[in-house]
Amino acid sequence: MENPQPGADDAPAPRRRRPWLVGLVAVVVLVVVAFVVLSLTRDDFGPDLDFSRPAAEPEDVLKDAKANLDETEGVKIAITAEDIPEDLQTGLVSADGTAVRPASFSGEISVRASGFAATADVIAVDGTTYVKGAVIFPDWTPIEPDQFNAPDPSTLLDPDAGISGFLTALDDVEVGEAQRDESDGSLVLTPYSGTLPAETVRTLIPGAQDGEFDTTYLIDDDGFLREARLSGAFYPDEDDMTYVVTFADYGETIEIVEP
């Protein structure tokens with residue numbers, strides 16, 4: 001009998017793949033990818049973000065924003081009228097300055113006085129408001145702000161009679177979608193909308209007419225009020241309009257003395 005010659009039929013059989021091993025590798029890869037993505041996501045939102053934490057109740061957010069405004073020693077406040085009636089004879093056009101606790105303000109105010117536009121420097125201390133610079137006020141002169149439908153600037157930070165009370169007076173609160181501030185991309189602002197009664201709005205605009213005022217607050221992630229937008233009837237026999245109040249530089253203080 002002839003000895004068999006080595007040939008192709010004697011080649012070693014190919015190794016069989018182990019399906020369970022391939023599946024295990026795939027699972028490990030998926031777990032690693034998921035962990036990396038989750039880590040990157042957490043870095044984007046900040047290392048202290050608690051994904052399991054439920055959203056705060058709107059009423060609590062508004063209370064916290066009021067507390068932050070009540071506790072600050074000073075803040076820059078700007079009040080601006082939008083869509084102000086062209087034929088308005090007397091009213092507040094804008095005010096811009098720094099409010100300092102307990103009861104002072106320094107800045108600039110623009111008003112309509114008997115149909116004419118007037119801009120003046122303003123200082124308010126402990127319930128007395130002085131203006132200077134407009135044609136009708138060449139020297140520092142005490143005025144009653146409400147004659148121009150303006151608030152007493154020295155009360156803006158008053159916990160009871162100031163703007164912070166607007167936050168907890170909001171009715172029918174609805175929470176909007178968070179958005180980045182257009183002027184400061186580092187701020188993420190959440191809108192809280194509802195209505196305010198006229199008696200509350202008169203703290204800011206004394207001539208506000210009876211009824212409700214549509215109001216939206218923008219509050220940042222640290223619980224600070226950044227903007228308040230109020231729309232409604234601020235003047236008799238005039239169309240609805242809007243006043244926008246902005247807040248910046250919480251904690252800033254300057255020395256303010258009576259002129």
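The values are calculated or read from the model by the stated rules, or taken from the named source; none is laboratory data. Quantities reported herein were computed from a predicted structural model and do not represent experimental measurements. For neighbour counting, all protein chains shown are included, and Cβ atoms are generated from backbone atoms with ideal geometry for every residue, glycine included.
Data for the structure
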{"quantity": "Residue identified as in contact with an Asp or Glu (Cβ under 9 Å, 6 or more places away or on another chain), surrounded by fewer than 14 Cβ atoms within 10 Å (Cβ to Cβ) and on the phi < 0 side of the Ramachandran plot among 171, 181", "calculated": "171"}
{"quantity": "Residue in the range 49-56 that is under 28 Å from residue 178 (Cα atoms), polar (S, T, N, Q) and not in a strand (DSSP E or B) present", "calculated": "yes"}
{"quantity": "Residue list for the range 201-228, filter: closer than 21 Å to residue 146 by Cβ and either surrounded by fewer than 20 Cβ atoms within 10 Å (Cβ to Cβ) or of a type outside the set (Ser, Thr, Tyr) (or both)", "calculated": "201, 202, 204, 205, 206, 207, 208, 209, 210, 211, 213, 228"}
{"quantity": "Long-range neighbours under 9 Å by Cβ, at least six apart or interchain, first residue in contact (Cβ under 8 Å) with a residue 60 or more places away in the chain within the range 193-206, second surrounded by 21 or more Cβ atoms within 10 Å (Cβ to Cβ) and assigned to a helix (DSSP H, G or I)", "calculated": "204/166; 206/145"}
{"quantity": "Residue satisfying condition, being more than 30 Å from residue 123 (Cβ to Cβ) and out of contact with any His (no Cβ under 8 Å at 6 or more places or on another chain), within set 186, 164", "calculated": "186"}
{"quantity": "Test: residue in the range 135-150 that is closer than 21 Å to residue 244 by Cβ and surrounded by fewer than 20 Cβ atoms within 10 Å (Cβ to Cβ)", "calculated": "yes"}
{"quantity": "Some residue of the range 167-186 being more than 23 Å from residue 70 (Cα to Cα), under 12 Å from the mean Cα position of the chain (by Cα) and part of a strand (DSSP E or B)", "calculated": "yes"}
{"quantity": "Residue in the range 156-165 that is surrounded by fewer than 15 Cβ atoms within 10 Å (Cβ to Cβ) and in a strand (DSSP E or B) present", "calculated": "no"}
{"quantity": "Candidate set: the range 101-118, residues that are surrounded by fewer than 20 Cβ atoms within 10 Å (Cβ to Cβ) and not small (Gly, Ala, Ser); chosen: the one nearest to residue 131 (Cα to Cα)", "calculated": "108"}
{"quantity": "Flag if residue 214 is modelled with pLDDT of 95 or more, closer than 15 Å to residue 62 by Cα and among the acidic types (Asp, Glu)", "calculated": "no"}
{"quantity": "Of the criteria (1) modelled with pLDDT of 95 or more; (2) surrounded by fewer than 19 Cβ atoms within 10 Å (Cβ to Cβ); (3) assigned to a loop (DSSP other than H, G, I, E, B); (4) not β-branched (Val, Ile, Thr), which one residue 231 fails", "calculated": "(3)"}
